[in-house]
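S.K.: I'd like to ask some things about the structure below.
The values are calculated or read from the model by the stated rules, or taken from the named source; none is laboratory data. Bear in mind that the values here come from a model prediction, so they are computed numbers and not experimental data. Note that we place each Cβ from the backbone using ideal geometry, even for glycine, and neighbour counts take in every protein chain shown.
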Amino acid sequence: MMETGRSLMDAVRERCGRCAGRSVSICNAIDDNDLPVLVAESSRVTVPAGRCFIEEGAPAHDFYVLTGGRARLFSLMPDGRRQIIGFAELGDFLGLASSDSYAFTAEALGDVNLCRFPHSSIDRLVERFPRLRCRLQQEASGELVKMQARLMLLGRKTARERLASFLVEQAVPCCAHGRAVKDEHGPLTLPLPMSRTDIADYLGLTIETVSRTFGLFKKEGLISVKGASSVTLLAPGTLSSIANGIRQG
C-alpha cells in the first residue's frame, strides 16, 4: 500500500509538477494537495506527428487535456472535403461537447502530449470537486464565444480581415494575461506549425488567396516571414484593427 502511494506521488511530481498546461487547463481548479486524485483518474498519452487521437464518428469514451504540442481539429464532408474547425493548443480540453460519438477529428501537429480522462472519471471528479464543474462550464462558454466569432469570420469578413483575425488569434496566448495585442507589445514571433493549406481550410479561403494576403501583409510591413513554420507580427495593433474591420488612415 505504501509503495502504491509512493508511486502515485512520483507520478504527480512527474506529470503535474512539470506540466506547462497546469495553470491554463481545467486542472487549475484542483488544489495541489488533491493532484493525486487527478492523476489516479487519468493517464498520460503521447501522440506522434500526423497521428489522430480523436476520430470523427467514433464512440466518445474519453476527454483529453492538451499538455504539450498543437493539434488540428477538422470534420470531413461526405465527398471527402475537409473543414478545419480549429487548432488546439496548450491547456485546451477536447471532447467536452461530445455525446455518444465525437463530432470532429483531432490530429497531432508535431508530437503531442495529452492527459486522457474517461467520461466516468470526469463524473467522479466533478462530484468530488465542485470548482471543477464551474471550470468546465467556463470551457463550454468559451467554446460558444469562439463559435460565434467563427460564424462572423466566415460569414462577414473579407480575406484580409480573416487572415488578420487568424494571426491575432494565434498571438493572444503570447500576450500576458491574454490581453489584446497592441503595437506597444513590440514584434511578436508566433510558431505556425500548421501548413498554409490548413490555414486556408480554417479560414474558408483558397491557398492562393492565403499566400497572396500573406504577401500583401509582408509588403505593407505588418509581418515578416522566415520559413513556413513561424511569422513575426511587426504591427500587432494594426493587424488587430484590420481583423475588426477598422479602416486604416
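S.K.: Given the condition closer than 18 Å to M194 by Cα and polar (S, T, N, Q), answer yes or no: does some residue in segment 96-104 qualify? Walk me through how you get there before you give the answer.
M.R.: Of segment 96-104, the ones closer than 18 Å to M194 by Cα are 104.
Still in the running and polar (S, T, N, Q): none.
Within segment 96-104 (the criterion being closer than 18 Å to M194 by Cα and polar (S, T, N, Q)), the answer is no, since none of the residues qualifies.
S.K.: Residue check, R15 against (1) within 26 Å of A171 (Cβ to Cβ); (2) among the basic types (K, R); (3) surrounded by 19 or more Cβ atoms within 10 Å (Cβ to Cβ), all met but one. Which one?
M.R.: So R15 meets the others, but not (1).
S.K.: Next question, about the same structure. Enumerate the strands (runs of 3 or more DSSP E) found wholly within segment 9-79, keeping only those where 1 or more residues are hydrophobic (A, V, I, L, M, F, W, C) and in contact with a helix residue (DSSP H, G or I) (Cβ under 8 Å, 6 or more places away or on another chain).
M.R.: In segment 9-79, 62-76 are the strands (runs of 3 or more DSSP E) which contain 1 or more residues that are hydrophobic (A, V, I, L, M, F, W, C) and in contact with a helix residue (DSSP H, G or I) (Cβ under 8 Å, 6 or more places away or on another chain).
S.K.: Restricting the first residue to segment 119-144 and requiring it to be closer than 16 Å to Y64 by Cα and assigned by TED's automatic domain parsing to the domain that holds A29, which pairs with a second residue that is of a type in the set (F, W, Y) and modelled with pLDDT of 90 or more meet a Cβ separation below 8 Å and a spacing of at least six or different chains?
M.R.: H119/F63; I122/F63; L125/F117; L136/F93; E139/F93
S.K.: Restricting to segment 215-249, what's the tally of residues that are in a loop (DSSP other than H, G, I, E, B) and either touching a Cys at 6+ places or on another chain (Cβ under 6 Å) or charged (D, E, K, R) (or both)?
M.R.: Result for segment 215-249: 3.
S.K.: Among the residues of segment 87-107, what is the count of those that are on the phi < 0 side of the Ramachandran plot, of a type in the set (G, A, S) and in contact with a Leu (Cβ under 7 Å, 6 or more places away or on another chain)?
M.R.: 2
S.K.: Report yes if L90 is outside any strand (DSSP E or B), out of contact with any Asp or Glu (no Cβ under 8 Å at 6 or more places or on another chain) and within 22 Å of D198 (Cβ to Cβ), otherwise no.
M.R.: Criteria met by L90.
S.K.: Only residues in segment 78-106 that are farther than 24 Å from C27 by Cα count as the first member; pair them with residues that are surrounded by 21 or more Cβ atoms within 10 Å (Cβ to Cβ) and among the basic types (K, R), Cβ under 6 angstrom, at least 6 apart or cross-chain, and list the lot.
M.R.: I84/R72
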